[in-house]
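Below: one structure, written as structure tokens.
The values are calculated or read from the model by the stated rules, or taken from the named source; none is laboratory data. All values derive from a computational prediction rather than experimental measurement. Cβ sites come from the backbone with ideal geometry, for glycine too, and all protein chains shown count toward neighbours. These accessible areas exclude ligands, DNA and RNA; they are computed on the full protein's heavy atoms, side chains included. Shrake-Rupley method; radii C 1.70, N 1.55, O 1.52, S 1.80 Å.
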Amino acid sequence: MKINLNVNGVTFPVDIEPDRSLSGVLRNEIGLTGTKEGCDDCECGACMVLLDGHPVNSCSYLAVQTDGRQVTTVEGLADADGLAPLQQAMLDAGGVQCGFCTPGMLMSATALLSENPEPTVEEIRIGLSGNLCRCTGYAKIIEAVGSDAPST
Amino acid sequence: MQFVIAETLEHALELMASGSRPIAGGTDLVVGARQGKEPLPDALVAIDRLGVLASIDGGTGEDGEIVIGACVSHATIAGHGDIIDLVPGLADGSSLVGSPATRHVGTIGGNIMNASPAMDTGAPLLAAGAAVEVASTRGSRLLAVADLWLGPGQTSVDSDELCVAVHIPRPGPRTSSAYVRLEYRRTMEIAVVGAGAQVSLSDDGSVASASVALTAVAPVIIAVQGLSEVVGLQPGEAARTVARLASEQSRPISDLRASDRYRRHTVGVMASRAVLAACRRAAGEEIAVPVNRSEGIGAGYPGDAVANTTADGVEL
């Protein structure tokens, strides 16, 4: 099935089987491997991308359902000037250890901050609650997302 | 596999008449297929772009009925002012589903038609006396949610019929609702047990009427019978009576998450807490959605206030 997959503002015409997952198509057809497959079961959030600005687990979302819609992956956060402020905040706070959960964390946090630019710690916890991290213990990730809020 | 994005509701219904199955967020369908539970259907019709299925009427019509389109997401329900005002129990349920991502793509229609006995929107809808509107090329019909669920994953709806909306009667004055669940963690959790209550209070603060429905203690969401027993009782006493009835009437299974004995006991506790929260809301108190977080019911942080004491000081 031929669809137009719009990723990070670029349209990719792809011809795929309708049962392909969005994460698989992003990684294997388009070559954007920033999106990770962790559990492949909608539990861990490593595959989180934004669909029209809202977070979605791309491992369990059919790629054909995104035809003509806007997909944002972690590769879409940085621009020509460098890392997005949130990415820099993650580095500064030490919110990255092995790094496997980081793309998903960044996407959930991006969605949260675009809806709620000054979240409380509790709101950050809820916003990131679909993302598992086995290294950091979460504290520094939450700190990073909080420090990227414009008021602080 | 065939996949079509429906352009109109009629288009979707025609495809369903020829055997296609509907998909919106896919949070049950696709995840189930990936887990090997059931393969994806041979033909899918995507209904998530149909604007006609995506609106909420918060009771502005003549009959004051609240109508929620089948493709309205849990995130939208959980944050919708009219739903929070009129049927906060449903907002409690929707805001507990999955994670932010699940709540953004998961829909109320998908949740009820998936017919899991552990669904979080089922008990509040049953307690509110909701009905589901289904449509096919043969026409449309309304059926009470009490008549919808036949067993785990089974409904009384034909395979060519599509759930298009949920209808909720407008609650009267001094009437409100709440849903609470027992959970071992706060996110990506499935109710161990749960209970939804809708309560109307008399002027003296006693219960004028109550309906209570239970999650994950039977093959389907069930309504507690015999609630005329609580009419005229003050909330604390009514909650204790409901707890007893709920435990007596539940028929839970034992599985990885809980034994049948534990479920039978805890569903009474959840039912009494749902009744108490609904009574407090009916009396005008604001309890933020979801009750599980604002009252620390279920898994909470150490130090959270746990609502295990009734207004008259009796520990549940």
Residue count, segment B:156-209 (criterion: open to solvent by less than 30 Å² (accessible area, probe 1.4 Å), among the β-branched types (Val, Ile, Thr) and within 14 Å of chain A (Cβ to nearest Cβ)): 1
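Residues checked against (1) touching a Ser or Thr at 6+ places or on another chain (Cβ under 7 Å); (2) within 14 Å of chain B (Cβ to nearest Cβ); (3) charged (D, E, K, R):
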site: A:Val49; (1), (2), (3): yes, yes, no
site: A:Ala63; (1), (2), (3): yes, yes, no
site: A:Val74; (1), (2), (3): yes, no, no
site: A:Ala80; (1), (2), (3): no, no, no
site: A:Pro85; (1), (2), (3): no, no, no
site: A:Gln97; (1), (2), (3): yes, no, no
Test: residue in segment B:106-124 that is at pLDDT 95 or above and more than 30 Å from A:Val56 (Cβ to Cβ): no
Among the candidates A:Met90, A:Met107, residue that is farther than 22 Å from B:Ala75 by Cα, out of contact with any Phe, Trp or Tyr (no Cβ under 8 Å at 6 or more places or on another chain) and not assigned by TED's automatic domain parsing to the domain that holds A:Cys42: A:Met90
Residue count, segment B:58-98 (criterion: in a loop (DSSP other than H, G, I, E, B), among the polar types (S, T, N, Q) and either open to solvent by less than 10 Å² (accessible area, probe 1.4 Å) or more than 13 Å from chain A (Cβ to nearest Cβ) (or both)): 1
Residue count for segment B:254-269, restricted to those that are in contact with a strand residue (DSSP E or B) (Cβ under 8 Å, 6 or more places away or on another chain) and not β-branched (Val, Ile, Thr): 2
Restricting segment B:28-57 to residues that are open to solvent by 10 Å² or more (accessible area, probe 1.4 Å), touching a residue at least 24 places away in the same chain (Cβ under 8 Å) and part of a strand (DSSP E or B), the residue that is nearest to B:Arg170 (Cα to Cα): B:Ile56
Yes/no for B:Arg280 being of a type outside the set (A, V, I, L, M, F, W, C), open to solvent by 70 Å² or more (accessible area, probe 1.4 Å), on the phi < 0 side of the Ramachandran plot and assigned to a helix (DSSP H, G or I): yes
Flag if B:Ala144 is over 30 Å from A:Leu128 (Cα atoms), crowded, with 21+ Cβ neighbours inside 10 Å and not polar (S, T, N, Q): no
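Take B:Asp147 and decide whether it is of a type in the set (Asp, Glu) and free of Cβ contacts under 8 Å to residues at least 40 places away in the same chain.
For B:Asp147, the condition - of a type in the set (Asp, Glu) and free of Cβ contacts under 8 Å to residues at least 40 places away in the same chain - is met.
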Lone unmet requirement of (1) more than 14 Å from every other protein chain (Cβ to nearest Cβ); (2) of a type outside the set (Asp, Glu); (3) in contact with a Phe, Trp or Tyr (Cβ under 8 Å, 6 or more places away or on another chain); (4) more than 28 Å from B:Glu285 (Cβ to Cβ) for B:Val105: (1)
Residue that is most open to solvent (accessible area, probe 1.4 Å) [pool: residues in segment A:61-88 that are of a type outside the set (S, T, N, Q) and in contact with an Asp or Glu (Cβ under 6 Å, 6 or more places away or on another chain)]: A:Pro85
Qualifying residue in segment A:79-88 (condition: under 26 Å from A:Asp41 (Cα atoms) and not polar (S, T, N, Q)): no
All positions within segment A:41-74 that are acidic (Asp, Glu) and out of contact with any strand residue (DSSP E or B) (no Cβ under 8 Å at 6 or more places or on another chain): A:Asp41, A:Glu43
Helices (runs of 4 or more DSSP H) wholly inside segment A:46-152 that include at least 3 residues being polar (S, T, N, Q): A:102-115
Residue selected from segment A:99-131 under the condition within 11 Å of chain B (Cβ to nearest Cβ) and within 21 Å of A:Val7 (Cα to Cα), by the criterion most open to solvent (accessible area, probe 1.4 Å): A:Glu115
Test result for B:Ala101, assigned to a helix (DSSP H, G or I), without any contact (Cβ under 8 Å) to a residue 12 or more places away in the chain and closer than 26 Å to A:Ile124 by Cβ: yes
